[in-house]
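Report on the structure given below.
The values are calculated or read from the model by the stated rules, or taken from the named source; none is laboratory data. Owing to the predicted nature of the structure, the values given are computational and were not obtained by experimental measurement. Just the protein is used for accessible areas: all its heavy atoms, side chains included, with ligands, DNA and RNA removed. Shrake-Rupley method; radii C 1.70, N 1.55, O 1.52, S 1.80 Å.
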Amino acid sequence: MTSEGARGRCRPGRVHDFHDLMQHRVMEILLVASPYDSFLLEEAGELSERMLGEFRNLDLHYGPGLTRVSTGAEALAVVKQQRRFNLILTTVHVGDMNAAELARRVRQEGLDIPVVLLAYDNRELKDFVARRDVSALDRSFLWQGDARILLAIVKYIEDKLNVAHDTATGGVQVILLVEDNVRFYSSFLPTIYAELLTQSQRLISEGVNLADKILRMRARPKILLCSTFEEAWAAFEAYREVLLGVISDIEFPRDGQNCRDAGLELARMIRGPWPDVPVLLQSSRPQNQALAREAGADFLLKGSPLLLHD
């Protein structure tokens with residue numbers, strides 16, 4: 001995916017100090033879910049064991065702990081008493097309050113803890129987002145039975161917190177993912193992270209000891225998820241010197257309105273000054289393939305059964 005120009009642009013002029021990278025880690029997760037929601041999430045197996053299994057499968061030598069509570073009030077009491085939690089993962093309704101209210105209450109308490117919504121019904125999630133102010137939530141994801149979504153959420157939060165420091169001090173590269181559909185990015189991120197971590201391991205010499213391997217894994221590229229044209233362009237402007245590539249939908253919001261060619265315009269604006277940056281566009285409309293090629297981008301059809309593989 002990296003062209004000669006991108007490699008030359010991104011290679012730092014000094015040796016990385018891997019110890020300085022990934023200063024923010026998610027080591028303890030608070031799961032806020034009603035007993036019924038917990039049952040739905042765990043009916044395919046013990047949730048914490050499945051999450052730790054995904055970390056071990058990718059040779060990650062740590063896995064976050066998972067603590068469960070069933071109400072928002074319990075969650076607020078626990079995070080105020082125990083300052084060890086790095087992430088709050090909540091379902092839509094937790095008995096005494098909903099996810100948006102819980103996130104607002106966390107902010108009102110002055111707690112700097114990311115709050116992520118994990119829903120298991122796409123229709124319910126769409127209705128919830130349409131009817132409520134969800135600005136206090138860091139992101140919403142959709143549970144689709146793949147436990148790798150938990151790893152992806154952890155890595156997404158870690159990348160979001162570490163990207164500015166790690167790109168500035170260690171020359172770490174960035175992959176820009178632009179997608180506003182929760183069902184698609186909840187599928188894309190687990191796949192991309194798993195592949196990215198596997199590729200990173202292959203680049204580490206077999207002779208390197210375990211401690212060095214763990215440190216060098218911290219230098220893997222970061223993934224930035226954006227859902228609007230403005231977010232995507234701001235991310236490009238901030239990290240274009242270390243941009244490894246762009247994976248983008250074609251249709252997503254711009255200026256507060258759904259824009260059918262936002263991805264095409266983004267590709268043109270990026271490929272103009274930076275023609276060596278690879279751009280992959282995706283759409284459910286086959287006719288967009290020719291337009292993507294004209295914009296200098298590769299193309300994938302969202303309706304393809306091989307989409308995640310491709």
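Listing for the model above:
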read-out	value
Share of carbon and sulfur in the accessible heavy-atom surface of the range 211-310 [1.4 Å probe, %]	51
Heavy-atom accessible surface of the range 88-129: percent carbon and sulfur, 1.4 Å	42
Cα gyration tensor, the range 93-190 - rounded (a/c under 1.5), prolate or oblate	oblate
For S38, solvent-accessible area (1.4 Å; no DNA, RNA or ligand), Å²	20
Accessible-area value, S304, 1.4 Å probe, nucleic acids and ligands omitted, Å²	40
1.4 Å probe accessible area per residue over the range 225-267, in Å²	40
Largest to smallest accessible area among M97, M269, M27 [probe 1.4 Å]	M27, M269, M97
Candidate residues K126, K80, K302: accessible-area rank, largest first, probe 1.4 Å	K126, K80, K302
Cα gyration tensor category, rounded, prolate or oblate, for the range 269-310 with a/c compared to 1.5	oblate
Surface accessible to a 1.4 Å probe, per residue, for the residues of the range 84-131, Å²	47
